[in-house]
Amino acid sequence: MVKKPETVEDFQLIAAVDLLGHTGADEFQIRHSPEDEQPITWTALARWDKTWECAASMYPLQAVFRLCDQVIDGGQCQHCKKPAGFEPSIDPMPLNQFVCWYQWDPERKVFRRGCA
């Protein structure tokens, strides 16, 4: 049985994986190290055609955020053509006039681009 999202972190994890799909990722996986190996680490992986990217952390949400950061930062927003960046916080980011930041929208429970 799949657990329904309940916390902000649950919704952010779903939204971050969805955002990876919007970048063109056609497969996503999240893995953890064996439980008998301490500390447990989490790895987020996504595939674009035949190319895989991954990021790791001690926490699953942080691993997914790092992967988003890795594949979005330095890219280009396909809508406004500004350089793109990923920031999970809702605080206003510097250089908004120069960077299209993907940030958490708590009302819609999605990561929205700055030019939306």
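The values are calculated or read from the model by the stated rules, or taken from the named source; none is laboratory data. Owing to the predicted nature of the structure, the values given are computational and were not obtained by experimental measurement. Please note: Cβ atoms are built from the backbone with ideal geometry, for glycine as well, and neighbour counts cover all protein chains shown.
Tabulated data
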item	result
Cβ-Cβ under 7 Å pairs, at least 6 apart or on other chains, region 3-23 side within 13 Å of Phe86 (Cα to Cα), far side among the basic types (Lys, Arg)	Ala15/Lys109
Answer from Val99, Val17 - the residue that is touching a strand residue (DSSP E or B) at 6+ places or on another chain (Cβ under 9 Å) and at pLDDT 95 or above	Val17
Tabulated pairs, region 67-89, first of a type in the set (Lys, Arg), second surrounded by 15 or more Cβ atoms within 10 Å (Cβ to Cβ) and not in a loop (DSSP other than H, G, I, E, B), C-beta under 6 angstrom, 6+ apart or interchain	Lys82/Cys100
Residue count for region 18-44, restricted to those that are under 15 Å from the mean Cα position of the chain (by Cα) and of a type in the set (S, T, N, Q)	3
